[in-house]
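The values are calculated or read from the model by the stated rules, or taken from the named source; none is laboratory data. These numbers were taken from a predicted model, which means no experiment stands behind them. Using ideal geometry, Cβ is built from the backbone for each residue, glycine included, and neighbour counts are taken over all protein chains shown.
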Amino acid sequence: MVEYGDIRVVYRGGSKINFRKPVISNDSRFLLCASGESVKVFSSVTEECVHELRGHTGQVTGVLLRPSNHLQVYSCSTDGTVRLWDFTDGILVRTYVVGYPVYSIYASLNHKEVVFIVTPVCVFVFAELFQLVAVNLPQTPDQLVEARDLSAVLSDVSSNPSTIAFGRGGEYLASVNNLKMEIYFFKKNKSYSFSLREYTKNGGKNTFTCIACHPKDDCVATGHDDGKIRLWRNFKQKKEYTYSTLHWHHSAVSSLCFTPEGTNLLSGGVESVLVQWRYNQENQKDFLPRLGAAITHVTVSPDGALFSTSHSDNKITIIQSCVKVSAVIQGLVKGENVTTGLLVDPRSKALVLNGRPGHLQFYSLQRDKLLFHLDIVQQEYIHEAGLEQFEVVRAAFDASGLWLATVEERKQKSAELELNLKLWSFDEQTQSFVLNTTVSAPHEARITAMCFSQAADSQTTTLVSASRDGHFKAWQLGLPAHTDGTQEWPSWSCDFVGAYHGLVPRCCCFSADGSLLAVGFQEVVTVWNPTSWELLTTLSQPPGDVRNLCFGQLSCSKYLLGSNNKKMVCCWNLLTCSLEWSTSMDVSLLLVDSRSENMAAFCCQDGSTDLFVFKPSEPRPLFSQKAVCSGRVIHAVFTPREVMLESSEESSQWLNRSQLYFLTEFMDLLTFSTKAEEEKLMASSKQLVIDDTVAMTPFYLLLGKHRHEHLGNEESAERTPLPQSSVAIKELLQTPAHVLPATSFLCSMFAKSLLISVTETSFMNSLSVLSAVAVKL
Amino acid sequence: MGEFKVHRIRFFNHMPSAIRVMAFNSHTERLVVARADGAVEIFNFADNYYQEKVIPGRDGKAVEALCWVGRRLFSAGLDGEITEYDLENLRPRNSMEAYGGPIWTISSNSQGTLLAAGCEDGTVKMFEVLEDRIQFQRNLSRQKGRIISLSWHPTGSQIAAGMLDMIKIFDAETGHATHRLLVERGLQRTSNSQEVVVWSVAFLSDHTIISGDSAGKVQIWDGITGTLVRTHLLTKWDVLVLAVSPDESSVIAGTSEGTVVQFQFISSTVDQQDKQWVRTRTFKSHSHDVRALVHTDTAVVSGGVDTQLVVRPLLDKVEKNTQESAMRKIIFPHRNLVSCAKKAGLLLFQFSDHLELWRLGESDGNGKPGDRLPVKRNPEKLIQLKRKKLSQPCDVFRLVGSKLISLRIFPERIPAPLVPLSRLQVSKLPKELNSVHQLSFSSDSSKLFASSILSSVIVASVKELECKYLHTFKPPSGEFHSRQPVHLLSPSEDGNWLATANTADLNVSLQLHCSVPVCGSCPTAVSIHPFSCSLVSVHADQQIFEFSLKQKEFTAWSRKLQKQGMHPLWLQRDAPITRVTFNPNNPTHILLHDTSMFCIVDQILPLPEEKTRFYNQSVLQSLSLGERLRNSHAFKVYRNFQNLLCVDLMEDHSLVVVERPLLDIVSQLPAPVQQKKFAT
């Protein structure tokens, strides 16, 4: 098998932004968070991603403002490096190579040029033992620095970054792990440890979950599994320590944070309520409820003006300190189960999948941004353990993106299955989907497959749904009905019910032109005519239930491909109705690229998945890669590219028109990327090429940028020069305001100066400039 | 262990009375508790929290405040009298009207020379404590509104008084008010016009005043400048009581929600000296109002409307995982309230204001161990005797043979009647029986023994209709014999012996035979063996002794037990043994019980090793035979019955077990304050 060196599997888009605590810059303008292998810099006002700090080759596990320079930030990663960035410009300043995987990073102003990192105790043995290590960062001007000056501070710490915190002014360090809390005083080089019993008398679990230290007082707040918050004081005595207990959360406290002045304590948990406790007046508390999902991290900006909460649905909420939500940064929502599979909205080219409970999310892969959620179930979601909810289980778009079909179901233990088929039409005016038809109980059992006819002709769109009750149903849009002058919207109704010898249909598929429908009934593939609904033929099939069915595209449209659970892939020629070829492959997923003849097959073998890309008409695969990822690939989709790639290499040609995204069983969204594509990306992020001959100073960076812009300006010199060089304007702008004559006097002079250019440019143009200036005055 | 037919009795509606106020004497380590019915109980904290003495209350004499002055105990109530108690004879020694209306609080200065009483009419009255009485000295300047709470400055120069809406500080020498601290009214209650009551104040030696009030606040004031330092809002309801630790580093506050909140004087940063009061721990050991609190050096003692006395050690002051660090709840009195007529199958229940006589039910069924037998005849109540008003019943009664003889004794005034079952009135009762603490009949009902004042025991003969005084046993005089009251009386089966015990001595008499040596701890139950003439005594520190009366020395078994030492699990129990009985069929068996278990001590079997476990007998029976033999030892513990008030063996070899389930007690309590409970 050939390995294709220039194509590799990458994370692109949809990565977790709630993995670690975000960091808010000193001026509260930016929010930085670890996201996959990069650090994203968001604007806290506009919610837009300003920069993406790329460079790490492993998952970024921590972001930390540099205590001595608030415009720089440290990031650490499992690749064993700590990197220092200038986040306002998005420049990598320095890379410190530690050599061990780093799981979290801490620093304080008291310890100059020392960072504290959590690393595994032994790299070779896979044990859950971690230690806190102080790393001396050498002060050299080099870009790449080896930081080998390590000294262990605390052993037996947790890898969870919220379990370690620096106390007042960095004088001590508090760490919790399981049932033990340890407080280490740097001056005396002595640590005190306190432990709790595993269970309280009421059966609550006492396990520590997080910690926060008061910035002014010697008070440590710890969160526990049973929802309690303990405030520890007087912990310099082994015995006479004391704590008070705050209890509002009903289950584990996941994050705690003191405000910079220490007047308030913020806590959050699975209740998705941000609780603000008054320090020393703990029974006065404020709540910010209905934040949408369980809170995983709470942070406060250094000036105390902004709070931010990270949520389990991959969301960061920015909250003004008057406890009002001001911005929401939403990443790709990954629930426990993606039952709808991956779909592409033909209209917006967005990825569509399950999002929040009862919703479909539309996610733009190009911009790596969640576009919106479409509420399918339209019921209030009640958070309760063990309560069965309506779930969106199937969704399908028609070829033009005008119609969306969804299936929701609820299965309760005692009651019968509840099913709803909903059809949504796209409304051009509101630019969203509007519910057209609801069919309650479209089938008697679970729906196994659903597809629209792929024909571009939208007048006669047909939807086919196959169910376990042994039937498949075809649904068609009725004619618009005119009754008493009020025009009712046409609605969908059942057109045909098909069955084949009482067998259960598992999959269905329309041919590209919509003239044929293939339905796989267990071991038999049946081909139907969608206009007359007659059974055209049945295709012989080696024993085994049909799992996937696909029609070939474009030049290969005469082929029908199917895979079964007996590790066979078959290709029939529909012209001769005979088996063209078959091969033995355990294909878990077979899909077709609608923009080319290519098909992709994911085969599961030995706990990892292989990918084959092939054309049905050719015997050799175009591309194959072993061990794409560990575990099974559960869903995949071809998405169209916005800009075509022009790759001449044969192996990467299949990526020219579309991209292949796939979702592993660990809910990682991965894609394939070529070398050319990566180079292009890197080029766009490295706009500032630093000249080695000049010392790198902020001033230089500023100047270099200016020069760069200047160069760009020369290229676009075709544009009409604005009258900036006019003497009148110079006079106007450079004279101090208090010695200027009256504005009315200046205005006519200024207007006259603008009139000079009339001969060169169009009169309209200058008029618009004039009006703009007049408004400014 | 043998099989018994068990009468499981749950119709004894014993209802303890709510705890109203407590005071602790740190020199003698005695805690005094006053209950809502006026009874005063004294617990000895040095001796395993044993309830040493009970002084019964009188009608209409509710105790509102208690105060130790040295070893003397004073109380005051809403009847306007200050009473001093005679702790040796268990009765009030003298009472003095204060002439200021109802008294809400009394407090003595640390020197023990002055007693201040806060009265309804707004005066703080100072009394001089003399050798045998107290004498009115003067009034401090009179205020408008009642004085609810008082606290002396430790030097005795100033007094803080909590009133309605304010706290006043008086100069103790001049009697003038020096500061007036206004307490703001409740924020949360809708009616802002409602006055706030300062239920409790504490004056610390650094001139800090801490107050707890009906608006649910604990406030910390600077007593020199008279300014408010901090306010801690604890509850929507009242903060009823405050207590300060002896070293003044900790203050506890009891609330109407049943919580006790601790405040500690802690420096906010580690190395600095500026300390402040910080709210720290919250204890929730009560379901109702916490009305009384004591902060000892190592523990928080709380009591309230739910009638329980809770001793919760502070874990930062005691060693962890020791007996000292275990929490104790004292719910039932440490004495017998039930007596059984063994032949007749009758039970006598003692309540605070009446007696009930019941006949046991009968059953003729047979069944396997653990079965419920069908009841042939239901138990029935035969007699209910109410005491007369203004009278004060002491412990009385003993049921013997087929006769019931119930005796009510009134301290003064009318000679009380003896009421036999035939309802014949016995008009004459010897004078000497006017004030007794304990009564007991000899087994043939011919003699009545009564413990009386000056730790003497009176013997009277009881014939058909009359009761005649025979003679008095005086305790041996001398320095080594204390004047403490006799709280245990146990005549032997054959009528030859009588064992008496007070808190320090254990005597066996009928012409004082001997004194049994006692090492430190107070006996909680004594009994004389019917055959071997040996005396078995159980003490508050859970030790068991057997003393042979003939040889006048401890028996070999007792020596062996002492040599080996009691089992640690036995020592960890927190309730004292309140009754010792013997099994006539099996003379080597001793039956013991406390509130949570009963135990048969088999003197033949080997004593338990230190590592042996105490299996419940029902668990033991499910084990295999070999395992059972290996685990069998002299102490056979049975825990299937809980909250036991009495376990006794009847003549027909059936066991009477009187239980009082805690739920029944809780259901009789008044409703607690409304609280929002999560998920309700």
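Out of B:ALA39, B:ALA18, B:ALA76, one residue alone is more than 20 Å from B:LEU645 (Cα to Cα) and either surrounded by fewer than 21 Cβ atoms within 10 Å (Cβ to Cβ) or modelled with pLDDT of 90 or more (or both). It is B:ALA76. Taken over region B:285-303, the criterion of being of a type in the set (Gly, Ala, Ser) and more than 14 Å from every other protein chain (Cβ to nearest Cβ) is satisfied by B:SER287, B:ALA292, B:ALA299, B:SER302, B:GLY303.
Across region A:191-246, the qualifying residues are those that are out of contact with any strand residue (DSSP E or B) (no Cβ under 6 Å at 6 or more places or on another chain) and of a type in the set (Val, Ile, Thr), and the one among them that is surrounded by the most Cβ atoms within 10 Å (Cβ to Cβ) is A:THR207. Could you tell me which residue of region A:669-696 is surrounded by the fewest Cβ atoms within 10 Å (Cβ to Cβ), considering only residues that are hydroxyl-bearing (Ser, Thr, Tyr) and modelled with pLDDT of 60 or more? Here the residue is A:SER684. If you go through region A:391-424 and keep only what is hydroxyl-bearing (Ser, Thr, Tyr) and surrounded by 19 or more Cβ atoms within 10 Å (Cβ to Cβ), you end up with just A:THR406. How many residues are touching a Ser or Thr at 6+ places or on another chain (Cβ under 9 Å) and not basic (Lys, Arg) if we restrict to region B:572-600? Total satisfying the criteria: 15. Restrict the check to region B:307-318 and report whether at least one residue is more than 14 Å from chain A (Cβ to nearest Cβ), in a strand (DSSP E or B), surrounded by 22 or more Cβ atoms within 10 Å (Cβ to Cβ) and under 27 Å from the mean Cα position of the chain (by Cα). Yes, some residue in region B:307-318 is more than 14 Å from chain A (Cβ to nearest Cβ), in a strand (DSSP E or B), surrounded by 22 or more Cβ atoms within 10 Å (Cβ to Cβ) and under 27 Å from the mean Cα position of the chain (by Cα). Take A:GLY262 and tell me if it is at positive phi, of a type outside the set (Asp, Glu) and surrounded by fewer than 20 Cβ atoms within 10 Å (Cβ to Cβ). Spelling it out, A:GLY262 is indeed at positive phi, of a type outside the set (Asp, Glu) and surrounded by fewer than 20 Cβ atoms within 10 Å (Cβ to Cβ).
A quick yes/no check of all residues on (1) at pLDDT 90 or above; (2) over 28 Å from A:GLU171 (Cβ atoms); (3) crowded, with 18+ Cβ neighbours inside 10 Å:
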{"residue": "A:CYS76", "(1), (2), (3)": "yes, no, yes"}
{"residue": "A:ASP79", "(1), (2), (3)": "no, yes, yes"}
{"residue": "A:ASP89", "(1), (2), (3)": "no, yes, no"}
{"residue": "A:TYR106", "(1), (2), (3)": "yes, no, yes"}
{"residue": "A:PHE116", "(1), (2), (3)": "yes, no, yes"}
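Residue pairs whose Cβ atoms lie under 7 Å apart, sitting 6 or more positions apart in sequence or on different chains, and linking a residue in region A:271-289 that is over 19 Å from A:ASP217 (Cα atoms) and within 11 Å of chain B (Cβ to nearest Cβ) to a partner that is in a strand (DSSP E or B) and of a type outside the set (A, V, I, L, M, F, W, C), are A:GLN284/A:ARG278.
Which of the residues spanning region B:130-151 are part of a strand (DSSP E or B) and surrounded by 20 or more Cβ atoms within 10 Å (Cβ to Cβ)? Within region B:130-151, B:ILE134, B:SER149, B:LEU150, B:SER151 meet the criteria. Quick check on A:SER244: is it closer than 23 Å to A:SER28 by Cβ and hydroxyl-bearing (Ser, Thr, Tyr)? Here the answer is no, as A:SER244 does not meet what is asked. Specify which of the listed residues (A:VAL60, A:VAL9, A:VAL41) is modelled with pLDDT under 85 and within 18 Å of the chain's Cα centre (by Cα). The conditions single out A:VAL9.
Let me confirm something: among A:ILE295, A:ILE316, which residue is closer than 30 Å to A:VAL352 by Cα, away from chain B (no Cβ under 14 Å) and in contact (Cβ under 8 Å) with a residue 60 or more places away in the chain? First the steps, then the outcome.
Working: A:ILE295 fails: in contact (Cβ under 8 Å) with a residue 60 or more places away in the chain.
The unique qualifying residue is A:ILE316.
The residues of region B:633-680 that are farther than 26 Å from B:PRO16 by Cα, polar (S, T, N, Q) and more than 14 Å from chain A (Cβ to nearest Cβ) amount to a single one, B:SER654.
Taken together, the residues in region A:180-209 that are within 38 Å of the chain's Cα centre (by Cα) and of a type in the set (A, V, I, L, M, F, W, C) amount to 3.
Which ones in region B:10-57 are touching a residue at least 60 places away in the same chain (Cβ under 8 Å), over 23 Å from B:HIS437 (Cα atoms) and touching a Phe, Trp or Tyr at 6+ places or on another chain (Cβ under 8 Å)? If the condition is that a residue be touching a residue at least 60 places away in the same chain (Cβ under 8 Å), over 23 Å from B:HIS437 (Cα atoms) and touching a Phe, Trp or Tyr at 6+ places or on another chain (Cβ under 8 Å), then B:PHE11, B:ALA23, B:PHE24 are the ones that fit. Would you call A:GLY227 within 35 Å of the chain's Cα centre (by Cα), within 19 Å of A:LEU109 (Cα to Cα) and at pLDDT 85 or above? Judged against the criteria, A:GLY227 is not a match.
Scanning region A:238-255 for residues that are in contact (Cβ under 8 Å) with a residue 12 or more places away in the chain and either assigned to a loop (DSSP other than H, G, I, E, B) or facing chain B (nearest Cβ under 10 Å) (or both) turns up A:LYS238, A:TYR241, A:TYR243, A:SER244, A:THR245, A:LEU246, A:HIS247, A:TRP248, A:HIS249, A:HIS250, A:SER251, A:ALA252.
Where strands (runs of 3 or more DSSP E) fall wholly inside region A:149-233, the ranges with 2 or more residues that are more than 14 Å from chain B (Cβ to nearest Cβ) and on the phi < 0 side of the Ramachandran plot are A:150-157, A:164-166, A:172-177, A:180-185, A:208-213, A:219-224. In summary, no helices (runs of 4 or more DSSP H) completely within region B:561-680 bear 3 or more residues that are charged (D, E, K, R) and closer than 29 Å to B:ARG328 by Cβ.
Within region B:538-548, identify whether any single residue is under 17 Å from B:VAL486 (Cα atoms), assigned to a strand (DSSP E or B) and at pLDDT 80 or above, and answer yes or no. Yes, there is a match, as at least one residue in region B:538-548 is under 17 Å from B:VAL486 (Cα atoms), assigned to a strand (DSSP E or B) and at pLDDT 80 or above.
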